[in-house]
1. Cβ-Cβ distance below 8 Å, separation of 6 or more or different chains: which pairs start in the stretch 81-103 with a residue that is without any contact (Cβ under 8 Å) to a residue 12 or more places away in the chain and end on one that is surrounded by 10 or more Cβ atoms within 10 Å (Cβ to Cβ) and part of a helix (DSSP H, G or I)?
2. Taking residue 71 as the residue in question, decide whether it is surrounded by 10 or more Cβ atoms within 10 Å (Cβ to Cβ) and within 32 Å of the chain's Cα centre (by Cα).
3. With 47, 92, 63, 84 as the choices, which residue is touching a helix residue (DSSP H, G or I) at 6+ places or on another chain (Cβ under 9 Å) and either assigned to a helix (DSSP H, G or I) or loosely packed, with under 10 Cβ neighbours inside 10 Å (or both)?
């Protein structure tokens, strides 16, 4: 009875990998590039979402600024200021002879 020795599995795999080195390198390059594409697509989605949120915040701030401008214009309206001065502070407009001009310099 003759026994034949069968090479170890690790040795066979190592020999196959060495013989097909170009295919292994190409396979690793394909896997690496596909993982890179997935990562870049995910990062792009995150950046796009952040940009949309920032644009929405900008629009909300712009609307708030416009409302504040309108409110400021309403509060500084001359007739309103004059009415408040007369009602709350009991101020009156001076007559022509009561006015005093103060020289400047």
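Throughout, read-outs are computed from the coordinates displayed, never taken from laboratory work. Please read these numbers as outputs of a predicted model, since none were measured by experiment. Here the Cβ is made from the backbone with ideal geometry for all residues, glycine too, and neighbour counts use every protein chain on show.
1. Listed by first residue and then by second, the contacts come to 91/85; 92/86.
2. Details: surrounded by 10 or more Cβ atoms within 10 Å (Cβ to Cβ): yes; within 32 Å of the chain's Cα centre (by Cα): yes.
Yes; evaluated as a whole, the condition is true for this residue.
3. Working: 47 fails: touching a helix residue (DSSP H, G or I) at 6+ places or on another chain (Cβ under 9 Å); 63 fails: touching a helix residue (DSSP H, G or I) at 6+ places or on another chain (Cβ under 9 Å); 84 fails: touching a helix residue (DSSP H, G or I) at 6+ places or on another chain (Cβ under 9 Å).
Answer to the check: 92.
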